[in-house]
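Only the coordinates and a few stated rules stand behind these numbers; no lab work does. Computed from a predicted model, the values in this text were never measured in an experiment. Note that we place each Cβ from the backbone using ideal geometry, even for glycine, and neighbour counts take in every protein chain shown.
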């Protein structure tokens, strides 16, 4: 509890007790993009089919450790297929380097170009996907999760108004990513979140009449009539991080997930902890965390960020 464990996420999940965590919030490694320097690591599979299978196998274990009332939020991006390299453009992700595949110049070892895997992937997609096509990783992942028994409650669009411009002149610039909200059972813990009601102040949330599902599902109207139930497009800017990890979650992106999907003093799991933003937000919101990370250097970075806040919690400082 409140610790980041070093090791392979799947193996660590297998050692985690059943029904142990309340909420999963994570962003898995992208296919053929990052090299951890560990044999058999997630993300270096020769085909995207193998990647999806391996990723969903991991979430089978996550489902086991999740409580019956648990929730699961997964952020995952997509990529385009190109001719001369693995992709036309890299993941439209969290960092200032988003939208570019030239990772040989990135000093972070986590982003070393996975040359062998990319070569194998390129040969594979020549037979299955046309150049310039989106691979469709998020859709393939979501459908496989549904096939394995997960309930997909929402597809959230993370809109990034400060996204990096694209050099492509024959398509629109991608300025969003997907966050999938899954649960394992029809009845689950969820605290309704609200946002300003700027579009229709005359009919605030909770006044839609007898046919509304809100009464059946126990949805509470907002205390403030100028608020409405939170929508699925979240406008959140990416934030730079001075540490060695380029792909950090914005805290503002994680906060509504944990508030909505994890009760206070509950446990939030991030199987790909990275620089520790999920843990940091969990602590600040009065939750516990459990993290797994394959890279020792990132654990050091994460602990450096987290420890001051944990000390404040012990001292009762808010």
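Results, tabulated for the structure shown:
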| quantity | calculated |
| --- | --- |
| Protection-proxy order for peptides 65-71, 10-16, 269-275, each taking the mean of Cβ atoms within 10 Å per residue, highest first | 269-275, 65-71, 10-16 |
| Stretchable slack from residue 231 to residue 53, in nm (0.36 nm times residue separation minus alpha-carbon distance) | 61.0 nm |
| FRET efficiency estimate (nearest 0.05) - Cβ-Cβ, residue 60 to residue 195, R0 35 angstrom | 0.55 |
| Percent of Cα-Cα distances greater than 17 Å, calculated over region 251-292 | 15 |
| Rounded FRET efficiency, nearest 0.05, which uses the C-beta distance separating residue 152 from residue 1 and R0 of 35 Å | 0.75 |
| Bins of 5 Å, starting at 0 and running to the largest distance - Cα pair percent for region 1-65 | 3, 16, 25, 27, 16, 10, 2, 0 |
